[in-house]
1. Out of (1) touching a residue at least 12 places away in the same chain (Cβ under 8 Å); (2) away from ligand 1 (no atom under 15 Å from the Cβ); (3) among the small types (Gly, Ala, Ser), what's the single condition that is false for residue 15?
2. Being closer than 24 Å to residue 65 by Cβ and modelled with pLDDT of 95 or more is the requirement here; does residue 270 meet it?
3. I want to confirm something. Restricting to the stretch 1-44 and keeping residues that are open to solvent by less than 30 Å² (accessible area, probe 1.4 Å), within 14 Å of ligand 2 (Cβ to nearest atom) and more than 20 Å from residue 264 (Cβ to Cβ), which single residue is nearest to the chain's Cα centre (by Cα)?
4. Which count do you get for residues in the stretch 228-248 that are assigned to a loop (DSSP other than H, G, I, E, B), away from ligand 2 (no atom under 16 Å from the Cβ) and touching a residue at least 40 places away in the same chain (Cβ under 8 Å)?
5. Within the stretch 55-109, how many residues turn out to be open to solvent by 10 Å² or more (accessible area, probe 1.4 Å), on the phi < 0 side of the Ramachandran plot and more than 15 Å from ligand 1 (Cβ to nearest atom)?
6. Does residue 190 satisfy the condition of being more than 10 Å from ligand 1 (Cβ to nearest atom) and touching a residue at least 40 places away in the same chain (Cβ under 8 Å)?
7. Find the residue count for the stretch 259-303, including only residues that are outside any strand (DSSP E or B) and either open to solvent by 10 Å² or more (accessible area, probe 1.4 Å) or touching a Gly at 6+ places or on another chain (Cβ under 8 Å) (or both).
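The values are calculated or read from the model by the stated rules, or taken from the named source; none is laboratory data. Computed from a prediction, not measured in an experiment: that's the story for all the values here. Note: ideal-geometry Cβ built from the backbone for every residue, glycine included; neighbour counts use all protein chains shown. With ligands, DNA and RNA removed, areas are computed over all heavy atoms of the protein, side chains included. Shrake-Rupley method; radii C 1.70, N 1.55, O 1.52, S 1.80 Å.
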Amino acid sequence: MIDPFGRSITYLRVSVTDRCDLRCVYCMSENMTFLPKPDILSFEELERLCSAFIRLGTRKIRITGGEPLVRKDVMSLFASLGGRLGAGLDELTLTTNGTQLAKYAPALAECGVRRVNVSLDTLDPARFAAVTRRGRIVPTLDGIFAAKRAGLAVKINAVAMKGVNEHEFDAMLAWCGEHGFDLCLIETMPLGEIADDRIDQYLPLSVVRARLRERWTLLDTSYRTGGPARYFTVAETGQRIGFITPMTHNFCESCNRVRLTCTGTLFMCLGQEDAADLRAVIRSGATDRELDAAVLVAIARKPRGHDFVIDRREARPALARHMSVTGG
Ligand code: SAM
Ligand code: SF4
């Protein structure tokens, strides 16, 4: 799949649910209304769509959400997609909040998952409870160490929030170094109504990086994932640190990905509204050939880049949908 700007689209992110056991302040509002069950794709439908993408050249699939591991029987999807590894698919990965990972890490490894991204914004139990509005840190930490024991490479994702966790990154980088984890810091993105004032949350990672450089040696690397992260090797620990700066950097020219929601809507760009309804295509009884054609028509509409804008006076989201819908 080559888009109109010559980019090869080889990476599919699939949100398998909009539900979650946490309510992170930057992601959801306290009282979320979740989608009715019939709107959500069944595992058979998800597999059919993933198969179409693999047929058309997708090499990497990341399962996300919402919280993917709270969906009942989600391991059946990992098992079937894991069976495609080496037969079109090179990599199957997962982004999770880690609360269920202690239970599932060995099975994920058996399905062929080699790496997981776990979201952890703080190492402080009270702050964790505040940021997630309801979470306890212990299950997530247990999950992280279960993943490590199962042989999975762990990358910790932390959203940088002004006045919340901004003075913890030294400690988190040291902790990650000690345990052999990479760390990825993420700037908050203006997605969805979440009740809090985004102006108060936004912290440019250029500031964070400059502060980290006072203590750590960050060596440039050529490591890229085709996404918005810029990676450095931390000389003192040998681990990597990534900075995801969608608001301050233009990364779109190397974009290799599209996103499928749990309702079968394909977003060609995280920062744009245009989308294709693939659920309507499969529920109308389309053949595989017709489905492939619908996917290719959507890829042909992939825009050159995103246009996130945050109105700093209004603090309104640039896009109405939440990250838990599109899949972060
Ligand atoms: N529940 C899983 C988790 O938390 O890892 C997967 C889904 S979550 C939507 C994926 C990633 O998006 C997480 O790392 C989360 O921190 C990030 N995220 C959610 N809302 C965000 C926002 N408004 N700005 C930046 N990152 C956000
Ligand atoms: Fe749930 Fe992940 Fe969103 Fe937090 S960031 S509320 S864990 S989906």
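1. For residue 15, the failing item is (2).
2. Against the criterion (closer than 24 Å to residue 65 by Cβ and modelled with pLDDT of 95 or more), residue 270 does not qualify.
3. Among those residues, the one meeting the criterion is 27.
4. Of the residues in the stretch 228-248, 7 are assigned to a loop (DSSP other than H, G, I, E, B), away from ligand 2 (no atom under 16 Å from the Cβ) and touching a residue at least 40 places away in the same chain (Cβ under 8 Å).
5. 21
6. no
7. Qualifying residue count, the stretch 259-303: 30.
Matching residues to (1) touching a residue at least 60 places away in the same chain (Cβ under 8 Å); (2) within 16 Å of ligand 2 (Cβ to nearest atom); (3) within 21 Å of the chain's Cα centre (by Cα); (4) not in a helix (DSSP H, G or I):
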{"position": "121", "(1), (2), (3), (4)": "yes, yes, yes, yes"}
{"position": "146", "(1), (2), (3), (4)": "no, no, yes, no"}
{"position": "159", "(1), (2), (3), (4)": "yes, yes, yes, yes"}
{"position": "171", "(1), (2), (3), (4)": "no, no, no, no"}
{"position": "175", "(1), (2), (3), (4)": "no, no, no, no"}
{"position": "178", "(1), (2), (3), (4)": "no, no, no, no"}
